[in-house]
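Enquirer: My questions all concern the structure below.
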Amino acid sequence: MDEQAKDYLLKIPFWTKKKNSLEQVRDFLVELGDPEKGLSIIHVAGTNGKGSVCADLTAILKEAGYKVGTFISPHLSDIRERFLIGGELADKKLFEDCFGQVLETVKKMKGRGYFHPTFFEFVFLMAMVMFAREKVDYVILETGLGGRLDTTNVIRHPKACVITSISLDHTQYLGETIPEIAAEKAGIIKTGVPVIYDDWDPAASEVICCQARTAKAAAWPVGQEDEAEEDQKNFAAPYQARNAALARKVLKVLEIPGVDEKVCSAGLRKVSWPGRMEKAASDIWLDGAHNPGGIRGFIQAVKEQMKKESRQIHLLFAAVEDKDYREMIQELCNQLPLVRVTVVHLRDERGAAKELLADQFRQAGCMQVEAYETAAEALKAALSHRLEGDRLYVVGSLYLIGEIRELLG
């Protein structure tokens with residue numbers, strides 16, 4: 001049944017022309033018994049860092065003794081990664097039961113003229129049912145795409161709204177400027193609900209503050225001065241310390257009993273977040289940076305590592321067609337001394353052609369470039385070219401990270 005449920009979900013289109021409105025998604029929740037109404041939800045939006053902030057919040061609340069339900073996306077290899085209970089994958093029986101309950105509701109609603117939920121709508125509904133069943137103390141809820149029109153924005157009364165760093169991504173849907181994208185992300189802000197936001201980009205901050213004022217919501221900025229020195233030392237990437245500062249501020253604003261600086265520090269030391277500057281094997285690092293802003297964070301992290309120990313850098317890269325991979329590649333070639341680049345075509349149907357990626361790297365000045373059709377071939381080739389002490393970084397797409405993690409076991 002577990003595999004049948006996964007097969008069913010993965011065959012649901014991610015995008016569809018006939019889509020339920022947010023009000024109609026709320027109707028599904030009503031039919032399911034309003035599972036979200038008894039949940040204490042921390043709603044997280046942003047361009048980069050959403051997943052890391054969710055992981056940080058989960059780890060700290062777990063350290064304080066709370067039962068936490070976490071809904072994240074995307075998954076890397078197993079769809080159950082989207083549903084975490086206490087930081088662990090939801091067990092198969094719970095996954096199956098919640099799938100079955102939502103599926104029965106979908107059948108009823110289709111009979112009333114509603115559209116079949118999209119993939120994201122379906123798994124969101126499952127998450128609300130799951131967390132209500134498990135009677136979690138807190139829910140960490142990550143948006144999918146955007147915020148204002150995101151399926152998760154059917155939640156009306158979160159405990160806090162969190163907005164991580166804003167950069168240019170999904171411009172065809174969210175807008176072509178930082179203020180436009182920030183406005184979409186800030187669409188999760190609710191009347192009177194505290195807003196904790198990344199304050200590094202003035203243009204984004206101005207939009208977020210304006211929206212918070214309109215909603216009569218207290219706004220709490222988080223900047224570099226909020227980063228704890230211990231987090232800067234403990235995390236593999238500077239951007240992880242930045243996200244940890246956001247998580248710390250969220251819990252400080254909410255004044256949750258039992259959550260103090262000592263608990264925050266202990267929880268953050270235990271954070272594990274796959275695919276974000278993850279050391280997957282000896283001298284192999286994985287980072288799911290998949291837009292120009294994320295790539296800049298990745299580059300900064302690599303440079304910090306290079307300060308401590310200089311290594312020859314090999315890169316394994318893939319991207320989806322609708323990302324600005326040209327700018328990403330230009331940044332990588334301009335900022336890092338790449339010895340060799342291996343590119344691969346993703347299994348995902350939106351994967352950019354390997355020849356196109358290889359040409360972009362050559363045009364950007366990287367001459368040692370090889371292209372492969374599968375991740376297995378690309379990984380084997382990339383590893384074969386390394387000398388002892390050389391480091392391989394895998395970057396460009398979370399889909400790629402998922403494939404490589406499977407190959408590395």
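Enquirer: Give the number of residues within segment 392-409 that are more than 16 Å from ARG276 (Cα to Cα) and not in a helix (DSSP H, G or I).
Expert: 1
Enquirer: Something else now. For segment 71-106, name all the residues that are within 22 Å of ILE60 (Cα to Cα) and among the β-branched types (Val, Ile, Thr).
Expert: ILE72, ILE85
Enquirer: Of everything in segment 19-53, what is within 12 Å of PHE131 (Cβ to Cβ) and of a type in the set (D, E, K, R)? Give them in sequence order.
Expert: GLU36, LYS37
Enquirer: Got a sec? Which of LEU84, LEU94 is free of Cβ contacts under 8 Å to residues at least 60 places away in the same chain and not in a helix (DSSP H, G or I)?
Expert: Every option except LEU84 fails the conditions.
Enquirer: Also, I was wondering about something else. Say whether the condition of being farther than 17 Å from ASN153 by Cα and over 22 Å from the mean Cα position of the chain (by Cα) is met by at least one residue in segment 196-203.
Expert: Yes, segment 196-203 contains a residue that is farther than 17 Å from ASN153 by Cα and over 22 Å from the mean Cα position of the chain (by Cα).
Enquirer: Report whether or not ASP324 is more than 24 Å from ALA236 (Cβ to Cβ) and touching a residue at least 40 places away in the same chain (Cβ under 8 Å).
Expert: Here the answer is yes, as ASP324 does meet what is asked.
Each row is one residue, and each column tells you yes or no for (1) open to solvent by less than 40 Å² (accessible area, probe 1.4 Å); (2) assigned to a helix (DSSP H, G or I); (3) among the acidic types (Asp, Glu).
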{"residue": "GLU225", "(1), (2), (3)": "no, yes, yes"}
{"residue": "GLU230", "(1), (2), (3)": "no, yes, yes"}
{"residue": "LYS233", "(1), (2), (3)": "no, yes, no"}
{"residue": "ALA241", "(1), (2), (3)": "yes, yes, no"}
{"residue": "ALA245", "(1), (2), (3)": "yes, yes, no"}
{"residue": "VAL250", "(1), (2), (3)": "yes, yes, no"}
{"residue": "VAL253", "(1), (2), (3)": "yes, yes, no"}
{"residue": "ILE256", "(1), (2), (3)": "yes, no, no"}
{"residue": "LYS262", "(1), (2), (3)": "no, yes, no"}
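Enquirer: I would also like to ask the following. Please go through segment 116-160 and give me each residue that is open to solvent by 10 Å² or more (accessible area, probe 1.4 Å), of a type in the set (Gly, Ala, Ser) and assigned to a helix (DSSP H, G or I), ordered by number.
Expert: Residue satisfying the conditions is ALA132 alone.
Enquirer: Now, a different point. With the condition kept exactly as written, say whether any residue in segment 198-211 is of a type in the set (Ser, Thr, Tyr) and under 30 Å from LYS307 (Cβ atoms).
Expert: yes
Enquirer: Is it the case that GLU304 is of a type in the set (D, E, K, R) and more than 29 Å from GLN360 (Cα to Cα)?
Expert: When the stated conditions are applied, GLU304 does not pass them.
Enquirer: How many residues does segment 340-386 hold that are assigned to a helix (DSSP H, G or I), charged (D, E, K, R) and open to solvent by 60 Å² or more (accessible area, probe 1.4 Å)?
Expert: The qualifying residues number 5.
Enquirer: Quick check on my filter: what residues within segment 285-324 are over 24 Å from PRO74 (Cβ atoms) and open to solvent by less than 10 Å² (accessible area, probe 1.4 Å)?
Expert: Within segment 285-324, ILE313, HIS314 qualify.
Enquirer: Now a separate question. If I go through segment 316-343 residue by residue, how many of them are more than 22 Å from the chain's Cα centre (by Cα) and either under 12 Å from GLU370 (Cβ atoms) or of a type in the set (Val, Ile, Thr) (or both)?
Expert: Matching residues across segment 316-343 total 5.
The values are calculated or read from the model by the stated rules, or taken from the named source; none is laboratory data. Note that the structure is a prediction, hence the values are computed from the model and not measured. Note that we place each Cβ from the backbone using ideal geometry, even for glycine, and neighbour counts take in every protein chain shown. Quick note on the areas: whole protein, heavy atoms, side chains included, nothing else; ligands and nucleic acids left out. Shrake-Rupley method; radii C 1.70, N 1.55, O 1.52, S 1.80 Å.
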